[in-house]
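Below is one structure, written out as structure tokens; comments come after it.
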Amino acid sequence: MALLIRGGCIVDPTQGIHEVGDIWIDKGRIHRIVLPSRGDSAAAPGPKDEVIEAKGLTVIPGIVDMHVHLREPGYEYKETIATGTRAAAAGGVTTVACMANTKPANDQGAVCQFILAKAQKEGVVRVRPIGAISRGLEGAELAEIGELKESGAVAISDDGRPVADSLLMRRAMEYARTFGLPVISHCEDPHLAANGVMNEGLVSLELGLRGIPRIAEEVMVARDLLLAEWTGCRLHIAHVSSAGSVRLIREAKERGVAVTAEVTPHHLILTDEAVRRWDTNTKVNPPLRSPKDVEALHQGLADGTLDAIATDHAPHGRVDKEVEYELAAFGISGLETLLGLSLMLVHQGTLSLEDWVRKVSCNPAKILNIPGGTLKPGVPADLTIINMERSWRVDPEAFFSKGRNTPFHGWTLRGKAVMTFIGGRKVFHESEGILATTDASVCL
Ligand code: DOR
């Protein structure tokens, strides 16, 4: 029995496709794409084949979110692998790469194996663990990088915390290079950040909140670019937030440094003005910056300096957020708004639809060197079917994620995942909800 997704607008930049056609899926893999405009003849489905009508909808390679905090093990009250992957499926995301700031931290093979085993049992989308750079994320000794790689880690990162010690970062890059892993850097100079809680600027001054200056990020971006150039390691800069960082990355790319970078939807859309509402859901690290920074992020995305859009999905409990601004945890629950928020850039003309697919799917898969990000015949059929025009209201109470912490509460967004497929299996349908848990075959 084959599955036919019929008559959708297929967008797959890896094959130069942006047109109406049919996708045939057999045994969980893409079998054939039929494009009438190229003279392909559409075969009729057999009586046993399942047909999904996708007329008026857009079909893309499943979204790969390379920056997600699943919180398990250790912080299950914030999120679990089960709830986080459901949130992903509902957001049209077919693969998540999960950060290492769990408890215990993912700094050794056993933790990676635990995450993968849990994902196989309880997960709904594919899970790719990111190992820690340092033991316990403490920035003092290297984690077991070889063991992490052997156990399935696709990158290393201390995300959530910077690696302050430049020698440790140098060694991490040398090891990572040997093992063929990218280093994902959370760029923040802790001394310059000085326990700030929002962007340093006029708004922080007026509100009397301690600021985190852009330079705290840029100093570390500059250091890590130099170290990457020095070691020959592949470097990926997480959650870029400032105009200066975009400039540094652009210049480094021009001279051939092996660097890639990501930006979050919230940094692309909000500025520090949002903090005036005292909503702790606007507290995020790095902080929301100025309109000039937002403009530079848009430019960086459009000109290819920024390769990927990733959520930094950081679910927190009410106890972490319903407190004074200074005391609240940093982070935004982002998986279920990724698609609607990032499509704003397409609707407003900053990105073409093909470029958007590159940023949310093709490029993250390429950066992490994992399957996904393409609908080429033979690959597992991970795909997202989108209604580009559907308007919907963000209601955190309806999230699959345990993290209800979003500053986009009540916003009306345009564009929604209608169905999400993993290996040819429908795992989410917008009116039926989550339909399946995965099995061992999901973790490729
Ligand atoms: O806002 C953030 N939250 N930024 C990070 O880098 C870490 C994350 C978290 O783990 O909550």
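Structural remarks
- Considering only P364, P47, C9, and ranking their Cα positions along the charge dipole of the chain that arises from unit charges at the beta-carbon of Lys, Arg, Asp and Glu, the one farthest toward the positive end is P47.
- Residues with amide H under 5 Å from that of L288, placed H, sequence gap 5 or more: N199
- Heavy-atom accessible area, probed at 1.4 angstrom with all protein chains present, ranks V93, V379 as V379, V93, highest first.
- The phi-based Karplus calculation (6.51 cos²θ - 1.76 cosθ + 1.60; θ = phi - 60°) puts the 3J(HN,Hα) values of region 176-182 at 4, 4, 4, 8, x, 9, x Hz, whole numbers, x for Gly and Pro.
- Spin-label model distance (nm) - K376 vs L35, 7 Å beyond Cα toward Cβ: 1.5
- The chain, relative contact order in percent, only Cα pairs under 8 angstrom and at least six apart counted: 20
- Charge dipole (debye, nearest 20) of region 101-182; +1 at Cβ of Lys and Arg, -1 at Cβ of Asp and Glu: 280
- Rounded to whole Hz, the Karplus (6.51, -1.76, 1.60) HN-Hα couplings of region 207-212, x for glycine and proline: 7, x, 9, 5, x, 10
- Relative contact order of region 296-361: 35 percent, from C-alpha pairs under 8 Å at least 6 residues apart in sequence.
- Förster radius 30 Å - calculated FRET efficiency between A43 and A302 (Cβ-Cβ, nearest 0.05): 0.15
- Centroid-to-centroid separation of region 1-45 and region 242-270 [C-alpha atoms, Å]: 35
- Relative contact order computed over region 1-151 (Cα-Cα under 8 Å; 6+ residues apart), in percent: 18
- Computed extension length for E147-E432: 98.6 nm, one decimal, from 0.36 nm per residue of separation with the Cα-Cα distance subtracted.
- Amide H contacts of S185 (H built 1.01 Å from N, under 5 Å, at least 5 apart or other chain): H236, I237, A238
- Helix-only [θ]222 nm of the chain, DSSP H runs n ≥ 4, -39500 (n - 2.57) each, per residue, nearest 500: -8000 deg cm²/dmol
- Taking amide H as placed 1.01 Å from N in the peptide plane, V418 has its amide H under 5 Å from the amide H of I385, I386, N387, each at least 5 places away in sequence or on another chain.
- Rounded to the nearest Hz, the phi-derived 3J(HN,Hα) couplings of region 62-68 under the Karplus curve 6.51 cos²θ - 1.76 cosθ + 1.60 (θ = phi - 60°) are x, 5, 10, 9, 7, 9, 9, where x marks glycine and proline.
- Simple label model, 7 Å out from Cα along Cβ direction - Y77 to K27, nm: 4.8
- Computed over protein heavy atoms with a 1.4 angstrom probe, the accessible surface ordering of M169, M1, M388, largest first, is M1, M388, M169.
- Under 16 Å from the V319 label point (7 Å along Cα→beta-carbon), backbone N, region 80-111: 80, 103
- Its Cα centre serving as origin, region 100-236 has a Cβ charge dipole (Lys and Arg +1, Asp and Glu -1) of approximately 460 debye.
- Calculated FRET efficiency, E251 to Q113, Cβ-Cβ distance, R0 = 45 Å: about 0.65 to the nearest 0.05.
The values are calculated or read from the model by the stated rules, or taken from the named source; none is laboratory data. Quick caveat: nothing in here was measured; it's all calculated off a predicted structure. Neighbour counts are summed over all protein chains in view; Cβ atoms, including those assigned to glycine, are modelled from backbone coordinates with ideal geometry. Remember, those area values only see protein heavy atoms, side chains included, never the ligands or the DNA or RNA. Shrake-Rupley method; radii C 1.70, N 1.55, O 1.52, S 1.80 Å.
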